[in-house]
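Quick notes on the structure that follows.
Taken together, the values in this text are just the output of simple stated rules run on the coordinates, not laboratory data. This is a predicted model, so every value here is computed, not measured. Cβ placement follows ideal geometry from the backbone for every residue including glycine, while neighbour counts extend to all protein chains displayed.
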Amino acid sequence: MIYLLSKYAKNDNLYPKDLKKKGAGGPEIALRLGESLSEVYSFSDTFLEEKEYMVGDSVTIADYSLFAIITTLNVFLTIDVQKYPRLAKWLKVIESRPEVEVSKKGLAIYETMMKRTTVGSQLYSASRQTTMAPTLYISAGSPAVRAVQITVKAIGLELNLKELDFMKGEHLQPEYLKLNPQHTVPTLVDSDGFTLWDSHAINVYLVAKYAKSDNLYPKDLKKRALVDQRLHFDSGVAFARGLAIVAAIFNTGKTSLDDSDKESLGQVYSFLEAFLEGKQYMIGDSVTLADYSVFPTITSWNVLFAVDAQKYPRLTKWLKTIESRPEAEVNKKGQAIFETMIKSNTGIMLVLMFSSLEAFEISPPRINKKGLVILETGTRNKMT
């Protein structure tokens, strides 16, 4: 590259004649000779302190050389955005440059080659296991959180769990609001810094990225459409109706459901009973994300209004089937916490943590004269 630039380039921007700038490119290029991957990332991040590019405010061959190297290393060890923020930003800057477009094809070929070779595949798999785990912000009582935990268990993914204390307002802290302006849980921060909330979206993303097969979210268009339909049903109907009832319970202090509440949840159970006709699981003979999302919702609402085994035999059988699956074991702790919340009015703050709150207009909680915490909601007609 130095030869080509010296002979053919129209100016010295990429390889400056200035001795100090030229010298600065040396250490960066020499990184290809050694050190562990994490040290390479650490050194590179340090080089970028107060700089947009490797040696200053303009791109040079140091950037081109290191970009090719680091994007290749990133195949084996994903760069931790939180640990190496300057390096992560620099990668995006270089990647956006038009001349770097030619690098993409070669990188894709290299990654494919590594996965296909025995040694490369072992290195790739081992490095992915040592990469910093994605972070999931949770509060264990949330049905939505439990849906993600079940999915994560099923695909064998390790997560860094961070419990938020809603009673202390941790979900309203500026740093969390930057991640999730809706201040709900679960919220996922992947190892590369990508952030996502809403349990249904998170589950689809995690399966697409980390699962070894597409069984949980099939690529087959018809099967996937059915999974999507059930997920929307969970979000817009099953979960939304139960949340409205829970809010009313805490707002009024009533200890039992009225007839309209029972009718509302009963209709949810009836719909699910119909969905399960001729099926073992929500869309057929194999478990999918539809089952993982609906299960914690219904086990939660079962605390409010028990599923009648005689009236809903298929739903009852399905609940037992999912409950017996090893990945569903993680639901039990959160379910117990939810039951305790229902028995205590102070638990209303935790209701705010639930996913799918886009179905409601949520006002800040307030305390009435009786000391009850009031949560005011208004539906947005998303229950269709």
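Quick notes on this structure:
- Rounded, prolate or oblate (a/c below 1.5 giving rounded, otherwise prolate when a/b exceeds b/c) for region 185-329 by Cα gyration tensor: oblate
- The modelled label-to-label distance between E323 and K209, using points 7 Å beyond Cα along the C-beta direction, is 3.4 nm.
- Extension gain from K83 to A201, taking 0.36 nm per residue of separation minus the Cα-Cα distance: 39.9 nm
- Listed residue pairs exceeding 19 Å between alpha carbons, taken from K223/K311; K162/K333; K223/K317; K153/K332; K178/K333; K254/K343: K223/K311; K223/K317; K178/K333
- Full extension of the segment from E163 to L221, taken as 0.36 nm per residue of separation minus the current Cα-Cα distance, would add 17.3 nm.
- Cα gyration tensor shape of region 39-95, rounded if a/c is under 1.5, else prolate or oblate by comparing a/b with b/c: oblate
- Overall form of region 254-321 per C-alpha gyration tensor (a/c, 1.5; a/b vs b/c): prolate
- For the listed peptides 74-83, 42-51, a ranking on the average number of other beta carbons within 10 Å per residue, highest first, reads 74-83, 42-51.
- Modelled spin labels at E95 and Q280, positioned 7 Å past Cα toward Cβ, are 4.1 nm from each other.
- Ranked packing of 249-257, 236-244, most packed first, by mean Cβ within 10 Å: 236-244, 249-257
- Inter-probe distance in nm under a simple model that places probes 7 Å from Cα toward Cβ, at K104 and T252: 5.7 nm
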